[in-house]
Every structure is written in structure tokens, then in C-alpha cells.
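Beneath this line is the structure, given in C-alpha cells, with notes to follow.
The values are calculated or read from the model by the stated rules, or taken from the named source; none is laboratory data. Predicted model, so just to flag it, every value in this text is computed and none were measured. In this analysis, Cβ positions are derived from the backbone assuming ideal geometry, glycine residues included, and neighbour counts consider all displayed protein chains.
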Amino acid sequence: EGVGPQEYTLIKMKLLDPLPEKLKKFSSKPIYLVAATLRPETMYGQTNCWIRPDLKYIAFETKSGEIFVSTDRAAKNMCFQGFTKVEGKFDVVAELLGEDLLGRALKAPMTCYDKIYCLPMLTIKENKGTGVVTSVPSDSPDDYAALVDLKKKQPFREKYGIKDEMVLPFEPVPILEIPGFGNLSAVTIYEKLKIQSQNDKDKLAEAKEILYLKGFYDGVMLVGDYKGKKIQDVKKSLQKHLADKNEAVIYYE
Ligand code: A2H
């Protein structure tokens, strides 16, 4: 990691009815789970949202009257980046545990799936991003491994009250072609390295390293307005497109 601040795109994933009990009183405002990503060009392939069951999340109101859900740490950072009415201040309007969000339905930008669900990922770090991670199993080995874990293990789904229909119909979507890795690069590398689960730390780190640079320099879009273009040439434009449509915001930490 570099010395400068890290820029993330926060994807606004809209919480749909029925809302968690603690958020019901805000039903007149749009409520978003904000997911930190380095890969805005992959949002066409979202299949679910990852939430850590035991992590504390908070809700706060932005200056435009929307409700954002993130960790307290991320809200603190956001309030110094012009997200709230008063610079440096944010009011916690609800405190939640990841568990309160699991199984909830969301509307996410760009994906072909009409509705996606909050599912458990146990490896989410508290001290990075917002604690909310959008899942793109076609291109993220972590996401693919965690999705396979849930698909393979019925008791894992049951433990967190996740219904079959929130997981089983969702398949990785071919959105990028990476020479040598095909159009589902995370699936290819998962199989090649024989990754066993989301806890297979070393192999997942290796997988990410292999794919990241290769994808950035040689990856080509297979869908959307920039179909046929190289990732490195369209990443910024896609980020701007999302931000202009009020479907994403830029965040630093
Ligand atoms: B990325 P970096 Cl397609 N804990 O977005 C664990 N992982 C987190 C996180 C947290 N608190 N916050 C964000 N992330 C994930 C897309 C993606 C990502 C693809 C491929 C690779 C990839 C879809 N998930 O990341 O340590 C988010 O997943 C590879 C590292 O700041 C975010 O981008 O470099 C990335 O990790 C940020 O990790």
C-alpha cells in the first residue's frame, strides 16, 4: 500500500422494504448501504452485498437528506469530506449489528439482477472502507470464494437465516475479458489455485495479485457503454458516470 490516501468509490446500494426494525422510522428517506470498491468498472457484475454479522454499523444522515449505513469509523471520515451538513460532525440516527442487515434486499446500480441480498462475509475488515462490500464474484476471488461457501453449505446459510433464493439463483456474470483468464477470471483462478474457502488467505492473496495488474492493463469490457474498451481507459469515466447519476460518491481514507 502507498503512502498517500486511498481513493474508493462508494456504491450506493438502496435498501428495499421490508426495512430492519431500527431503520423503519426513516422509511420516508432513501437509505443506502455504501460499499467501498476499487473497481467501479465491475459493478455490472454485482450479485450480492457482503456484511459482517458481528460488526457494528451505524446510520447517519447526509447533507442531502439521505441515510447512509457504514461503520462508525467510515462515517467519521465522511463527515470531514463534506458528506454531512456540519463539517466534522455526524449524528448517529441508528446503531445496527451486521446481523440486522443480513437477508435484506437491495437495489444496486448497473447489475443485471433486479434485487440482490445482504449476505454474510466473515473476513470483512473493520479498519478498511465502510465495512460494506459489494460482491462481484466474476472478478473478485474473495467474493467468489465467499459465494461458493454459502452455496455449498446449507448450514452456513441457515445459521444466518439466509434463504436459498437469496443465494442459489445468483451466478457470476461475464463482464470483463482478461487474456489468459477468460470472462470469469475469479472463477478461473479459484479453480487453478484450488482455493478451498473464503478463509484460504494465502491463496486468495496470490489470486488477487495475479489478477489485479493483469486485469488493469489487459482487461477488456464485455458489457455496457464501453464494451470493447480497455479497463484502464474507462475506469475513471465509469466512476464519473456513477457519481453523476448519484449512484456513487468518492471517498478517501
Ligand atoms: B473490491 P484494499 Cl471485482 N474488508 O471491489 C475486506 N475487503 C474489503 C473491505 C473491507 N472492509 N472494503 C472493501 N473491500 C474489498 C470489487 C473488487 C474488489 C473486485 C476485485 C478485487 C477487489 C468487488 N468486490 O479488491 O485493501 C473491495 O472489493 C481486491 C483487493 O483497499 C475493494 O475493491 O486494496 C477492496 O477490497 C479494497 O481493498
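Conditions tested, residue by residue: (1) touching a residue at least 24 places away in the same chain (Cβ under 8 Å); (2) over 20 Å from the mean Cα position of the chain (by Cα).
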{"position": "Pro141", "(1), (2)": "yes, no"}
{"position": "Lys151", "(1), (2)": "no, no"}
{"position": "Pro155", "(1), (2)": "no, yes"}
{"position": "Glu171", "(1), (2)": "yes, no"}
{"position": "Glu177", "(1), (2)": "yes, yes"}
{"position": "Tyr190", "(1), (2)": "yes, no"}
{"position": "Asp202", "(1), (2)": "no, yes"}
{"position": "Ala205", "(1), (2)": "no, no"}
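Is there a residue being more than 16 Å from the ligand (Cβ to nearest atom) and out of contact with any Ser or Thr (no Cβ under 8 Å at 6 or more places or on another chain) anywhere in the range 40-52? Write out each step before concluding.
Going through the range 40-52, the residues more than 16 Å from the ligand (Cβ to nearest atom) turn out to be none.
Looking for residues that are more than 16 Å from the ligand (Cβ to nearest atom) and out of contact with any Ser or Thr (no Cβ under 8 Å at 6 or more places or on another chain), one finds none in the range 40-52, hence no.
If a residue must be within 16 Å of the ligand (Cβ to nearest atom) and touching a strand residue (DSSP E or B) at 6+ places or on another chain (Cβ under 8 Å), how many such residues does the range 73-95 contain?
4
When both residues are 6+ apart or on different chains and their Cβ atoms are under 7 Å apart, which pairs have a first residue that lies in the range 127-138 and is more than 16 Å from Met13 (Cβ to Cβ), and a second that is within 7 Å of the ligand (Cβ to nearest atom) and part of a loop (DSSP other than H, G, I, E, B)?
none
Applying the selection to the range 96-136, what residues are within 16 Å of the ligand (Cβ to nearest atom) and among the charged types (D, E, K, R)?
Listed by number, the residues that qualify are Lys125, Glu126, Lys128.
Here is a check on your reading of the model: is Tyr212 closer than 24 Å to Met110 by Cβ, more than 15 Å from the ligand (Cβ to nearest atom) and not aliphatic (A, V, I, L, M)?
Here the answer is no, as Tyr212 does not meet what is asked.
One line per residue, one yes/no per condition, for (1) charged (D, E, K, R); (2) buried (at least 20 other Cβ atoms within 10 Å of the Cβ); (3) at pLDDT 95 or above:
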site	(1), (2), (3)
Lys56	yes, no, yes
Ser64	no, no, yes
Lys107	yes, no, yes
Asp114	yes, no, yes
Pro120	no, yes, yes
Glu126	yes, no, yes
Asp142	yes, yes, yes
Asp164	yes, no, yes
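Within the range 137-161, restricting attention to residues that are in contact with a helix residue (DSSP H, G or I) (Cβ under 9 Å, 6 or more places away or on another chain) and of a type in the set (A, V, I, L, M, F, W, C), which residue is farthest from the ligand (Cβ to nearest atom)?
Result: Phe156.
Can you list residue pairs whose Cβ atoms sit under 9 Å apart, with the first residue in the range 242-253 being farther than 11 Å from Thr9 by Cβ and the second being at pLDDT 95 or above and small (Gly, Ala, Ser)? Count only pairs 6 or more apart in sequence or on different chains.
Asn246/Ser64; Glu253/Ala36; Glu253/Ala74; Glu253/Gly129
When the range 81-99 is examined, which residues are found to be farther than 22 Å from Asn199 by Cα and buried (at least 19 other Cβ atoms within 10 Å of the Cβ)?
Passing the criteria: Phe83, Thr84, Phe90, Ala94.
How about the range 213-232: which of its residues are among the hydrophobic types (A, V, I, L, M, F, W, C), in contact (Cβ under 8 Å) with a residue 24 or more places away in the chain and outside any loop (DSSP other than H, G, I, E, B)?
Val220, Met221, Ile231
May I ask you to verify whether Lys235 is among the basic types (Lys, Arg), part of a helix (DSSP H, G or I) and touching a residue at least 40 places away in the same chain (Cβ under 8 Å)?
yes
Can you tell me which residues in the range 162-173 are among the aliphatic types (A, V, I, L, M) and away from the ligand (no atom under 15 Å from the Cβ)?
Selection gives Ile162, Met166, Val167, Leu168.
Which residue out of Gly215, Gly224 is surrounded by 15 or more Cβ atoms within 10 Å (Cβ to Cβ), modelled with pLDDT under 95 and touching a helix residue (DSSP H, G or I) at 6+ places or on another chain (Cβ under 9 Å)?
After applying the criteria, what remains is Gly215.
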